[in-house]
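A.B. asks: Would you mind keeping the following structure in view while I ask a few things?
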């Protein structure tokens, strides 16, 4: 029975990661940007250094996971990249002065917290009339002079609904802008027909999505006709009605993190993007305790993924650590390792302990997963009760 189950997983499980920190292993991005702004780093050297950093990011993805985005390394802010790519602001491709004028100085766009996290984004202002003029030079490679044919990875953008909901002037009727935005996105996607495209829509977890749902479904269906569309929503759980409706679209993949309710069974040809490791928390994943995902895997194509973009984490854990933290922390690179190890664990014929029969001769993946996780010390699991509250000041004075 166990062998039959795992045989059904062969070829049906892949790994997908996104949001690897653009800061780099040693904060290279910050130093490059500051040097360019100060005038000590020439423009061409700046762009080449960013290309080198992007190459490192791509190599890191490639070492550990099957699927990953291309063009994530923004010149400054992904929301600004999107606004410029759609022609919201009249900045020509590689006009760095025009681009950075929107990010700093007197004419800078306002900053706002990104979905309640410690990250911020530049808040664009939508045009009064829904007219968009796409500029392909800012998508999908805002850095450097690459052509679509030279790329690896999945082209990716923030979705139109996220742009509309997070703008300075969100429209009362999203349908007034969605039709024009779909045409603009379609023009940007034209060189990528047949290429998996990653559309990130964290705004699908906001309140009020049900009101806009019919127009969103129409927009996503139109985009799915242009490219094999993988739709991701994260940070906030969308309403169950939203999830059920998205599952009926002609998508290539669907990921909703966190899952508010049980996901519906997806139709053949649509992969379930399953968030299994943290994208914001720093503790290692107890991979052998993930047997609860097994019912979701049988008879379905599944892509194992983080629950949020990895840019919330540092690049990787630096050794040595204090003894209390040894074997317990996982940053961005460690999350990639966890995805790779979990895939191997699920397809090696044994699976997580307690949910498939225990192995008499544990596989390499099983042993590695067991060694990966260090349980927290007893004092964390059973902390001492808090001290009783102090009496009011008046009572203490009378004592």
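Each value in this text was obtained by applying a stated rule to the coordinates, not by laboratory testing. From a predicted model like this one, the values you see are computed outputs, not experimental measurements. Positions of Cβ are generated from backbone atoms using ideal geometry, with glycine treated the same way; all protein chains shown enter the neighbour counts.
A.B. asks: Using only helices, what value at 222 nm comes out for the chain when you add -39,500 (n - 2.57) per DSSP H run of length 4 or more and divide by the total residues, to the nearest 500 deg cm²/dmol? Display every interim value, and only then the final one.
C.D. replies: On the way: 14 runs with 139 residues, N = 399.
Helix contribution divided over all residues of the chain: -10000 deg cm²/dmol.
A.B. asks: Something else now. 7 Å from Cα along Cα→Cβ at both residue 207 and residue 222: what's the point-to-point distance in nm?
C.D. replies: That separation, rounded to one decimal, is 2.9 nm.
A.B. asks: I'd like the distance separating the alpha-carbon centroids of segment 230-261 and segment 284-344, in whole Å.
C.D. replies: Result: 21 Å between the Cα centres.
A.B. asks: Moving to a separate point now. Assuming R0 = 22 Å, can you tell me the calculated FRET efficiency for the pair residue 37 and residue 113, based on Cβ-Cβ distance, to the nearest 0.05?
C.D. replies: 0.40
A.B. asks: Give me the number: length gained by fully extending residue 363 to residue 265, i.e. 0.36 nm times residue separation minus the C-alpha to C-alpha distance, one decimal in nm.
C.D. replies: Numbers: separation 98, 0.36 × 98 = 35.28 nm, distance 3.07 nm.
Full extension from residue 363 to residue 265 adds 32.2 nm.
A.B. asks: Among 248, 118, 12, which one shows the highest mean-square fluctuation when the chain is modelled as a Gaussian network with alpha-carbon springs under 10 Å?
C.D. replies: 118
A.B. asks: Taking Rh as the Kirkwood radius computed over C-alpha pairs, what is the Stokes-Einstein D of segment 226-285 at 4 °C in a medium of viscosity 1.567 mPa s, expressed in µm² per second?
C.D. replies: Values: Rh = 12.3 Å.
It comes out at roughly 105 µm²/s.
A.B. asks: Cα convex hull of segment 153-217: mean projected area in nm², to one decimal? Each step should come with its number before you reach the end.
C.D. replies: Working: hull surface 19.4 nm².
That works out to 4.9 nm².
A.B. asks: Subtract the Cα-Cα distance of residue 244 and residue 298 from 0.36 nm times their separation in residues, and report this length gain in nm to one decimal. All intermediate terms of the calculation are to be shown ahead of the outcome.
C.D. replies: On the way: separation 54, 0.36 × 54 = 19.44 nm, distance 1.96 nm.
Taking 0.36 nm per residue and subtracting the Cα distance, the gain is 17.5 nm.
A.B. asks: State the volume of the convex hull built on the alpha-carbon positions of segment 51-193, expressed per residue in Å³ and rounded to an integer. Please report the intermediate quantities before stating the final value.
C.D. replies: Values: hull volume 18.6 nm³, N = 143.
It comes to 130 Å³ per residue, whole-number rounded.
A.B. asks: Please report, to one decimal in angstroms, the Kirkwood hydrodynamic radius of segment 204-257 built from all distinct Cα-Cα pairs.
C.D. replies: 11.3 Å
A.B. asks: Eigenvalues of the Cα gyration tensor times 5, then square-rooted: what semi-axes does that give for segment 2-398, in whole angstrom, largest first? Spell out each step's value before the answer.
C.D. replies: Numbers: eigenvalues 254, 159, 117 Å².
Equivalent-ellipsoid dimensions as semi-axes: 36, 28, 24 Å.
A.B. asks: Taking the Cα centroid of segment 98-128 and of segment 151-202, what is the distance between the two, rounded to the nearest whole Å?
C.D. replies: Segment 98-128 and segment 151-202 have Cα centres separated by 18 Å.
A.B. asks: Within the chain, what percent of beta bridges assigned by DSSP are antiparallel, to the nearest 5?
C.D. replies: Numbers: 4 of 30 bridges.
Counting only bridges with both partners in the chain, antiparallel ones make up about 15 percent.
A.B. asks: In terms of the Cα gyration tensor, with a ≥ b ≥ c the square roots of its eigenvalues, is segment 27-122 rounded because a/c is under 1.5, prolate because a/b exceeds b/c, or oblate? Let's see the in-between values first.
C.D. replies: On the way: a/c = 1.66, a/b = 1.24, b/c = 1.34.
Taking the square roots of the gyration eigenvalues as a ≥ b ≥ c, segment 27-122 is oblate.
A.B. asks: Here's another thing I want to ask about it. Given all pairs of different Cα atoms, what value in angstroms does the Kirkwood hydrodynamic radius of segment 174-269 take? Walk me through the numbers on the way to the answer.
C.D. replies: Working: mean 1/r = 0.0732 Å⁻¹.
Result for segment 174-269 stands at 13.7 Å.
A.B. asks: Along the Cα→Cβ direction, 7 angstrom out, place labels at residue 175 and residue 325. What is the inter-label distance in nm?
C.D. replies: 5.3 nm
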